[in-house]
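What follows draws every value from the coordinates through simple rules; no lab data is involved. Keep in mind that this is a model prediction, so the values were computed, not measured. For neighbour counting, all protein chains shown are included, and Cβ atoms are generated from backbone atoms with ideal geometry for every residue, glycine included.
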Amino acid sequence: MTKQQSPFRESLSRLLKRRTVVVALVWLTIMLAIALLAPILANDKPFYISIQGHNFFPSLSGEEEALITDPKTGIETRINFSDLSESIRKEATILNSPIHFSPHKSDLNNADYVGPFDQQYGDGGKEISGLEKHLLGTGRRGEDIMAGMIHGSRVSMTVGILSMTIAGIIGLALGAMAGYFGDNKLKLSKGRMIMTTLGILPAWFYGFQLRTFELEAAVKSSPVNLIFQLIISLVLFLGIMFLFNRLGKLLHIIKWFKKESFVMMDTIISRFIEILISLPKLILIISVAAISKPSLVNLILIIGFTSWTEIARFTRAEMLRVRSLDYIQSARSLGYPEIRILFLHALPNAIAPALITISFGIAGAILMESALSFLGIGVPPDIATWGSLLSAGKENFSAWWLVVFPGIAIFLTVTSFNLLGEGLRDAFDPKLKS
Amino acid sequence: MIRYLTRRLLLFIPTLVVISLLAFIISVNAPGDPVERMISLSASEGQGQQNQNESGQRAYWRTKLGLDLPVFYFSLRPLSEPKALSKIYDAAEKTSVQKLSRETGNPNTAIAFHNARLEFLSAISSQNDSISNLLFADAHSLKYAATTEEISNRLKRLHTELDRSENYRLTELLKTTEVKFLEYKSETSSFRNFIPVVSFNKSNQYHRWFFGDGNWITGKGAVHSRGIIRGDFGISYLNRQPVSMVIGEKVGWSLFFSLASVLIAYIISIPIGVWAGARKDSKFDNISSISLFILYSLPSFWLATLLLMTFANPDIMHWFPASGIKPVFGYPDGASIWQKFSLSLPYMILPLICYTYSSFAILSRTLRVAVLENMSQDYIRTAMAKGLPFHLVVFRHAFSNSLLPLITVFANVFPLAIGGSVILETIFTIPGMGFETVHSIQNQNYPMIVAIFTITGMLTMTGYLVSDILYAIADPRITFDKR
């Protein structure tokens, strides 16, 4: 007799048995590592430099230059890390970054589209070879494509993963609530329901409208400040809603307000999803990108807030199955609060369909981001992305390396997420278990 | 069925409201001043109301575009904010008054002071020759000053400067302004900031934008706009043509490409998908599955660029033209439709490949799964058992029960036609809606963007409705009353 495995582990081992999934996971891990280490991997500043007893890690810290004093003579020298002078080069111990170019920095020796197999020249007209070369060629201004690709992976991974995190949180929460509570589980007295609905207006007023100028100032200052101010607004908003909810109890003096009725959770959320699905997503993103300043944060937020509907739908359907299982009944009979049962007991069992959708969603988000930066919409022009490299290749077809390499990177990453999604679907699909 | 239809149609209304609200929010928040855009456009075209003075033109466009109205049906404001705030058009001026009234919590004195400083400024600008530039600049910044400290500084400076010029009228006006400012400062009632007031506005920008300024049902009596409900999306910032006219000109190619690509996708994918599904795990199934999967995740803009790079490149293979949709010098005079088509054909091949491959990959894959599920059903076994040839079993029984994916893809045709394939049309420079979208974004042509968003939303919605009805017709087992 074999040892009994938990269904999750069983699915997981089934997932890892597929060769395509393993290959996809390996590729994604590599991409993730490159994205995380991008500033160290491709940087025109050295990784480590030691001079006259001073140690620097310029590519890690991001500092442009430093002032050092010689302990013996007391002479001050300024070091520019991106452009080390010949004397410093001789004196210091230097460990260069593996790709010693930064994206968007032009190398005038190799400007105007130099291919990876063409002859490339260093300072003083010397021919360079090996790792010194631009491994994937250069663009019009002599910018290194390899460095652009490495830093581009960062953008793609960030946009894909962060936007789907937002979508996942919204989708899981709303889908789980719609599926678990349905239309006939959550009861609320009429008084509290009416008061909570009425509370939206003052909550908005005190939370956001009164604070317009504070919020506007925060938008202009820094992301941290903005998040802080937004949290204050949200706390005010929710606090006032809660207050009105409690105030509803006061209405209970009148009998009609005391009557309890069901909150149509499922109907409300499902209708909301149906409305959102009808919105043209690409056009919405393009329109919003058109009126706001191009920024990655905006892009992530828009993709995140428009992509949660699928996740919510699948989670809802799975939750309908899970909520009728015995262990939920027993948790309820133990007297746990409904919210706790929902998020701690029911949701972990209903998470598989969301994982599948998120995997496909990341692929979609990466595709969307690269398409938008290919068109030059929504992504700041000073950030190197796979899409923007590709669109630079459109200007000069003889520079095939500008089209081929970023395209392959996009294709492989998107395919890997799709393969992972397919693998997850097959592994967790109960229909195939028999 | 009828009950379902009415329910679907009822859902149509809130969706329409949400789409129109989103489009309206986008158009209200669009950067830049539409009035300035219109004026600069008429100035550059050298036509229109040239004899009118500038402020008259401004007022004309403001009423024409409905910008002097409150934004929405109801508005929420603190009691401290003056109700006339929506009448102030300049955004910076508005913020200034808003901040002032919030500081003391007194709307009336704030507005009175604001009017006094406006009057002072207009008096200065009306006699510009005898007044120093410094004075004018100070008066101008007084108009936007938003803190009491800044205002009193400005007033002091204006006072000393005016003393020198001995202009009695201006000194009088400045004195009134100062009195109003003192009045404004003297009375503080900050508690008003914390009292919300809801006010309702019967005529507002949203209503005007959606229903026009005539009768909201019949549309009679409209002077400035007939409303988007009657297809009036305003005027394009680029050439001052009605937006709906521009869309009418551009939609042709997009419609052609989306329809043609769906037809081609049907023709290719039906045999592939059905055959692969009917013979699961055969060699054909395996090969087609892999290649379809690759096609499915191939980014269309990459494939398009690769195709252009290889087949429209003078250095490699110059088989097709790289951009446009018809010969550079246009069609010859009196060319028949067939001649036009054959002249345009080389321009259409590469775009059509890119338009088609992704939808045929999706279609084949979903068809395969649908057929696969049907093949294990009892009725297929019965059909086989009674001796029906295999291909008849597959195409007559299994296929006709797997029509749903075909319908889903068809529902996407119409929104795609208006939104256009933004990416492909840009790469191949096809003069359709997608190209127009990108062009509008690059030139901040917001009325066009809003129109495209609204129409695509409505068509997506209609597409879903039509496909749901077609589902019910194709598969009578689907009952919608209890989903």
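Quick look at the numbers
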| read-out | value |
| --- | --- |
| 5 angstrom amide H check on A:Tyr121, placed H, neighbours 5+ away | A:Ile128 |
| DSSP-defined beta bridges in the protein assembly as shown - what % are antiparallel, rounded to 5 | 95 |
| For the stretch A:46-96: rounded, prolate or oblate by the Cα gyration tensor [a/c cutoff 1.5] | prolate |
| For B:305-315, mean number of other protein chain Cβ atoms within 10 Å | 4 |
| Computed [θ] at 222 nm, helices only, for the protein assembly as shown once each DSSP H run of length n ≥ 4 contributes -39500 (n - 2.57) | -20500 deg cm²/dmol |
| Derived scalar couplings ³J(HN,Hα) [the stretch B:68-83; Karplus, 6.51 cos²θ - 1.76 cosθ + 1.60; whole Hz; x for Gly, Pro] | 8, 9, x, 6, 9, 4, 10, 9, 10, 8, x, 4, 6, 8, x, 6 |
| Average beta-carbon neighbours from other chains, 10 Å sphere, peptide B:66-77 | 1 |
| Prolate/oblate/rounded label for the stretch B:54-150 (Cα gyration tensor, a/c 1.5) | oblate |
| Long-range Cα-Cα pairs in the stretch A:205-348 (distance over 26 Å), rounded percent | 54 |
| GluC sites (Glu not before Pro) within the stretch A:55-118, DSSP loop, no more than 15 other Cβ atoms inside 10 Å | A:Glu63, A:Glu64 |
| The stretch A:310-371 - Rg and Dmax from Cα coordinates, angstrom | 15.2, 52 |
| Sparse-neighbourhood loop sites, GluC sites (Glu not before Pro) in the stretch A:350-434 - DSSP loop, at most 13 other Cβ within 10 angstrom | A:Glu395 |
| B:Tyr60 paired with A:Lys90, simple spin-label distance in nm, labels 7 Å along Cα-to-beta-carbon | 7.6 |
| Bins of 10 Å, starting at 0 and running to the largest distance - Cα pair percent for chain B | 4, 13, 18, 19, 16, 11, 9, 6, 2, 1, 0, 0 |
| Around B:Gly273: net Lys/Arg minus Asp/Glu count, Cβ-Cβ under 11 Å | +1 |
| Alpha-carbon centroid distance for the pair the stretch A:363-425 / the stretch A:142-192, whole angstrom | 21 |
| Two-decimal Rg to Rh for the protein assembly as shown - Kirkwood Rh, Cα set | 1.00 |
| Modelled FRET efficiency - R0 45 Å, B:Ile195 with B:His439, Cβ distances, 0.05 increments | 0.40 |
| Beta bridges by DSSP in chain A, antiparallel share as percent, to the nearest 5 | 95 |
| GNM result for chain A, Cα springs below 10 Å: residue of A:Leu419, A:Leu282, A:Leu238 fluctuating most strongly | A:Leu238 |
| For the stretch A:376-384, Karplus couplings with θ = phi - 60° (6.51, -1.76, 1.60), whole Hz, Gly/Pro x | x, 10, x, 10, x, x, 8, 9, 7 |
| Kyte-Doolittle mean at least -0.5, axial Cα span of 24 Å or more - DSSP H helices of chain B | B:2-29, B:107-126, B:243-278, B:337-375, B:446-474 |
| For chain A, built as a Gaussian network whose Cα springs stay under 10 Å, the top-fluctuating residue of A:Met264, A:Met146, A:Met241 | A:Met241 |
| Residue mean of other protein chain beta carbons inside 10 Å, B:429-438 | 2 |
| Relative exposure of B:Leu5, B:Leu238, judged by other C-beta atoms within 10 Å (fewest first) | B:Leu5, B:Leu238 |
| Cleavage-rule hits, trypsin sites (Lys or Arg not before Pro), the stretch A:374-434, DSSP coil, Cβ neighbours within 10 Å at most 13 | A:Lys433 |
| Relative packing of peptides A:77-85, B:280-288, B:17-25, B:433-441 - highest average C-beta neighbours within 10 Å first | B:433-441, B:17-25, A:77-85, B:280-288 |
| Under-5 Å amide H pairs with A:Phe47, H placed in peptide plane, nonlocal only | A:Leu95, A:Asn96, A:Ser97 |
| Packing-based exposure ordering (other Cβ within 10 Å, fewest first) of B:Val28, B:Val97 | B:Val28, B:Val97 |
| For the protein assembly as shown, size of Cβ-based charge dipole, Lys and Arg +1, Asp and Glu -1, in debye | 4380 |
| Nearest 10 degrees, 0 to 90: helix A:400-428 Cα axis against chain A principal axis | 30 |
| Hull-based mean projected area of chain A, where the convex hull spans the alpha carbons, in square nanometres | 31.0 |
| Inter-part distance where the stretch B:85-135 and the stretch A:245-293 are each reduced to a Cα centre, Å | 41 |
| Charge tally in the Cβ shell below 13 Å around B:Ile229, where Lys, Arg are +1 and Asp, Glu are -1, B:Ile229 excluded | +1 |
| Gyration tensor verdict on the stretch B:243-474 (Cα atoms; rounded if a/c is under 1.5, prolate if a/b is larger than b/c, oblate otherwise) | prolate |
| Dimensionless Rg/Rh of the stretch A:187-262 - Kirkwood Rh, Rg from C-alpha atoms | 1.19 |
